Amino acid sequence: MIPINLPKIGEEEVEAVVKVLRSGILTSGLGTGPMVTQFEKNFAKFAGVKHAIAMNTGTAALHSAIVAAGVKHGDEVILPSFTFVATAEAVVMAGGKPVFADIDPETFNVSPAEVEKALTKKTKAIVPVDLYGLPAEIKPIRKIADKHGLALVEDAAQAHGATCEGKPAGVFADAACWSFYASKNMTTGEGGIVTTGDDEIAETIRLIRTHGEKAKYASLMLGTNYRMSEVQAAIGLAQLEKLPSFVAKRRENARRLTKILAKAERLKLPEEPKGYQHSWYLYTVRLKDASETERNKLVEELRRKDIGAEVYYVNPVHLMPYYRESFGGRKLPETEKAAKQVFSLPIHPSVTEEQIDYIGMTLLNLL
Ligand SMILES: Cc1ncc(COP(=O)(O)O)c(C=O)c1O
């Protein structure tokens, strides 16, 4: 099976981990060990902002950024439902009420017009997601946020290496949250980071990360343990060095696959709108006019031929039992349609040209 994603770990990561283990410094009580501090410095430079605060998951990054952006109990937060559940989970964990907005059917990202429709007096923040690695329409969303005095937290968990107007994903938001889960464009096994240009947000996130403490045993606010370990940061430093080559290979694979699939009239292929560069975390196509059953059958057939096609996301968050029961079910027609018609194909850096040709030709033959 060609898996949908696969971490690419080399000797550099192995050596870096061994070095940390030999050093005896595995973590730091305030989350600021030498590896974590260096990783934060390098990641902030990569992300084009002043601060990066390393965390133990992308979910922790989202939760603390949403709290630090000022979301409190009862505040409404607008976000897409077509995302990984962690985006919504973080809003609820912060005490906020998720208000789901529909997507643009072309990009699968949240539609600025739908965000505007979801605004109420209780809205406090907007959390767009860079789905599959294509940056959200952040400029129009930034305008809405500024007009209504709202916080803007970007879920960039899938966007390492993506750009918008030549700048790294995340720079136009008040804070951006990244994941280093094993499937991502770069990994630390589990891990996450928040990037921000805002000193106050950065300071609050640092407090949340380690029990609300600036000094030991003197909590200034409610916090928890969201610290990244030194081992994770050492892996992250090596992976960040390699990220440009990983993304370049994903891009090359995407281009090759698009060339083969361009003939397939039933497929809507992923594109990069003008001014945007994809991170190519997932190569996601839509089987046009398909029923869910027809899409599922095609995915099954691909899997039978050892192509690890997957559906992201079969269940939009607003239709998941907990979210439907707790927060009501607004109809989101484009989200619900996309969830029935999309599927993703492997293009990660370990997929060879021959495998891309096999994936493309097999899919063409199945259509
Ligand atoms: C869009 C999105 N948001 C949030 C997360 C949560 O990140 P993590 O798994 O590192 O907690 C992920 C990845 O898993 C994701 O894809």
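FYI, it's all coordinate maths here, none of it is from the lab. Remember, it's a predicted structure, so these values are computed and weren't measured experimentally. Positions of Cβ are backbone-derived with ideal geometry, glycine not excepted, and every protein chain shown enters the neighbour counts.
Things to note:
- Loop sites in region 153-237: trypsin sites (Lys or Arg not before Pro), DSSP, at most 13 other Cβ within 10 Å: Lys214, Lys216
- Restricting region 253-294 to trypsin sites (Lys or Arg not before Pro) in coil, as DSSP defines it, with at most 12 other Cβ within 10 Å: Lys263, Lys274, Lys288
- Distances between placed amide hydrogens fall under 5 Å for Lys214 paired with Leu220, all partners being 5 or more residues away or on another chain.
- A cut-off under 10 angstrom between Cβ atoms defines the neighbours of Val129, and their net charge, with Lys, Arg +1 and Asp, Glu -1, is -3.
- Proximal lysines to Lys122, defined as alpha-carbon separation beneath 27 angstrom and excluding residues fewer than eight positions away on the same chain: Lys72, Lys97, Lys139, Lys143, Lys147, Lys331
- If you take the Cα centroid of region 135-162 and the Cα centroid of region 290-355, the two points sit 24 Å apart.
- Per-residue Karplus couplings for region 45-56, computed as 6.51 cos²θ - 1.76 cosθ + 1.60 with θ equal to phi - 60°, are listed in order as 5, 4, 7, x, 10, 6, 10, 9, 10, 7, 10, 8 Hz, Gly and Pro entered as x.
- The sum of -39500 (n - 2.57) across all DSSP H runs of n ≥ 4, divided by the residue count of the chain, sets its helix-only mean residue ellipticity at 222 nm to -12500 deg cm²/dmol.
- Residues in region 111-119 carry Karplus couplings, in order, of 8, x, 5, 6, 4, 4, 5, 8, 5 Hz; the curve used is 6.51 cos²θ - 1.76 cosθ + 1.60 with θ = phi - 60°, and Gly or Pro positions show x.
- Applying both filters, DSSP loop and at most 13 other Cβ atoms within 10 Å, to the GluC sites (Glu not before Pro) of region 97-143 gives Glu106.
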